[in-house]
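What follows is one structure encoded as structure tokens, with my remarks underneath.
What follows draws every value from the coordinates through simple rules; no lab data is involved. Here the structure is a predicted model, which is why all the values come from computation and not from measurement. Glycine gets a Cβ as well: all are built from the backbone with ideal geometry, and neighbour counts include every protein chain shown.
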């Protein structure tokens, strides 16, 4: 079966691991098969990450085995390893700082794939890593994270708020956008500083965020922004204030 597996395309290999033929095999057979293909060196990064994920789901707990892949250049593989090792140790932590540093070295395609994997994490370490990656200077990566954190049923909004004073402008804009999308009243705790933020885009994100909150609570801030030195913000604030 291994020979036939390696005759498949990389996409076909990943697809095979989801087939009934594979799923219906005995657990021990699946584990041995996955170990064999993972160690073969002839497997794509995507398939290797899938194999490691399935091994973790099958409760395969050999730390030495997973450690073999910790230096893999693809972050999706590394993430799968760290997740397996963290479950083995009973600690919900797949290496926040090492993973963040590894992601900095990835090209945009691999970086977005890694972020998609992190998004699937539900523990706090995964969420903290998403908060940190709002520092990413790539717009597509930030947009993925903004969309995810805006729609989650519950996040630690206070952690986002606490990042604002030390964040670079595009990070500040992303945080304000998330809090606005979530209609978070925490924005009102720092709105006075954001109104005079040095960056135009941050102030624009603030105005958009205020438009999603209760108008009676934010009308004084919108009024202040009608005097913003930037024409676009001034004009939009006046239009918005006229509707209150």
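Restricted to Cα positions, what overall size does the chain have along the principal axes? Three whole-Å values, descending.
Sorted largest first, the three principal extents are 71, 34, 31 Å.
Over the chain, what is the mean sequence separation of C-alpha contacts under 8 Å (at least six apart), divided by residue count, expressed as relative contact order in percent?
Working: 253 pairs, mean separation 22.5, N = 244.
Taking the mean separation of contacting Cα pairs over the length of the chain, I get 9 percent.
Please compute the modelled spin-label separation between residue 224 and residue 42, points set 7 Å along Cα→Cβ, answer in nm with one decimal.
Taking the two extended label points, one gets 6.7 nm.
From the P(r) of segment 156-244, can you give the percent of Cα pairs sitting at distances over 15 Å?
Working: 2028 of 3916 pairs.
Counting pairs separated by more than 15 Å, the tail of P(r) holds 52 percent.
What distance in nm separates the two pseudo spin-label positions at residue 140 and residue 186, each 7 Å out from Cα along the beta-carbon direction?
My value for the distance between the label points is 2.9 nm.
Could you list 4, 128 in order of exposure, starting from the residue whose Cβ has the fewest other Cβ atoms within 10 Å?
Details: 4 8, 128 15.
Sorted ascending by nearby Cβ count, the order is 4, 128.
Going by how many other Cβ atoms sit within 10 Å of their own, how do 78, 224 line up, fewest first? Display every interim value, and only then the final one.
Numbers: 78 24, 224 15.
Fewest-to-most Cβ neighbours within 10 Å comes out as 224, 78.
Taking neighbour counts of Cβ atoms within 10 Å as a proxy for exposure, in what order, fewest first, do 83, 35, 27 appear?
Lowest count first: 27, 35, 83.
Between the helical axis of 200-210 and the dominant principal axis of the chain, each derived from Cα atoms, what acute angle in degrees is found, rounded to the nearest 10?
Orientation of helix 200-210: about 90 degrees from the principal axis.
On C-alpha positions alone, give me the angle between the axis of helix 108-119 and the longest principal axis of the chain, in degrees, nearest 10.
90
Kindly express, to the nearest 10 degrees and within the range 0 to 90, the angle between helix 75-89's C-alpha long axis and the longest C-alpha principal axis of the chain.
Result, in degrees: 80.
Test of understanding: what is the full-extension gain from residue 25 to residue 217, defined as 0.36 nm times their sequence separation minus their Cα-Cα distance?
Taking 0.36 nm per residue and subtracting the Cα distance, the gain is 63.0 nm.
What is the distance, in nm, between label points placed 7 Å from the Cα along the Cα-to-Cβ direction at residue 32 and at residue 2?
1.0
Could you compute Rg(Cα) / (2.2 N^0.38 Å) for segment 10-93, with N its residue count?
Numbers: Rg = 12.2 Å, N = 84, 2.2 N^0.38 = 11.8 Å.
This ratio for segment 10-93 stands at 1.03.
Give me the number: length gained by fully extending residue 65 to residue 193, i.e. 0.36 nm times residue separation minus the C-alpha to C-alpha distance, one decimal in nm. Could you put the intermediate results ahead of the total?
Numbers: separation 128, 0.36 × 128 = 46.08 nm, distance 5.09 nm.
Fully extending the segment from residue 65 to residue 193 adds 41.0 nm.
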